[in-house]
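The structure appears right after this line, and notes come after that.
The values are calculated or read from the model by the stated rules, or taken from the named source; none is laboratory data. As the structure is a prediction and not an experimental result, all values here were calculated from the model. Cβ placement follows ideal geometry from the backbone for every residue including glycine, while neighbour counts extend to all protein chains displayed. Side chains are part of the model used for accessible areas, which takes the heavy atoms of the whole protein and leaves out ligands, DNA and RNA. Shrake-Rupley method; radii C 1.70, N 1.55, O 1.52, S 1.80 Å.
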Amino acid sequence: MPVTHVTSHAQYTQLVATGKVLVDFFAEWCGPCKAIAPTIERYSTQFPDVTFIKVDVDELEETAANENVSAMPTFVFYKDGKRVKEIVGSRAPAIEEALRNF
């Protein structure tokens, strides 16, 4: 399943409410965010039971603030609406391991 670009706080809230969700908090100007994007796209096909979403912190500042995101990229894992894990930084091995154990 492709990565969904979230465009509103309401959409974000709806998407993280059910199932397994990986949220990629990123910024267009963030070099490490751009570098890991293809890897996240690949993971979205490797782990079809997980919904992958991207949140641009400059577009959805309130959402990023509510989630206490202060560094990019930040990856937040949700399971049935509950935040279960956070990984800060472009750390592909840690993200993959978390997805395998999700």
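Collect the residues in the range 7-27 that are open to solvent by 20 Å² or more (accessible area, probe 1.4 Å) and not in a strand (DSSP E or B), keeping them in residue-number order.
T7, S8, H9, A10, Q11, T13, Q14, L15, A17, T18, G19
Any residue at all in the range 76-98 that's hydrophobic (A, V, I, L, M, F, W, C), within 18 Å of V6 (Cα to Cα) and open to solvent by less than 40 Å² (accessible area, probe 1.4 Å)?
yes
Would you point out the residue of the range 28-71, among those that are of a type outside the set (A, V, I, L, M), closer than 19 Å to V84 by Cα and in a helix (DSSP H, G or I), that is most open to solvent (accessible area, probe 1.4 Å)?
N66
When you look at A27, is it under 20 Å from E96 (Cα atoms) and within 13 Å of the chain's Cα centre (by Cα), yes or no?
So A27 does not fit the description; no.
Give me the pairs: first residue in the range 74-86 and among the aromatic types (F, W, Y), second residue in a strand (DSSP E or B) and open to solvent by 90 Å² or more (accessible area, probe 1.4 Å), beta-carbon distance under 6 Å, and six or more apart or on different chains, which are they?
Final answer for the pair search is F77/K85.
Would you confirm whether or not the range 44-52 contains a residue that is under 15 Å from Q11 (Cβ atoms), in contact (Cβ under 8 Å) with a residue 40 or more places away in the chain and in contact with a Lys or Arg (Cβ under 8 Å, 6 or more places away or on another chain)?
yes
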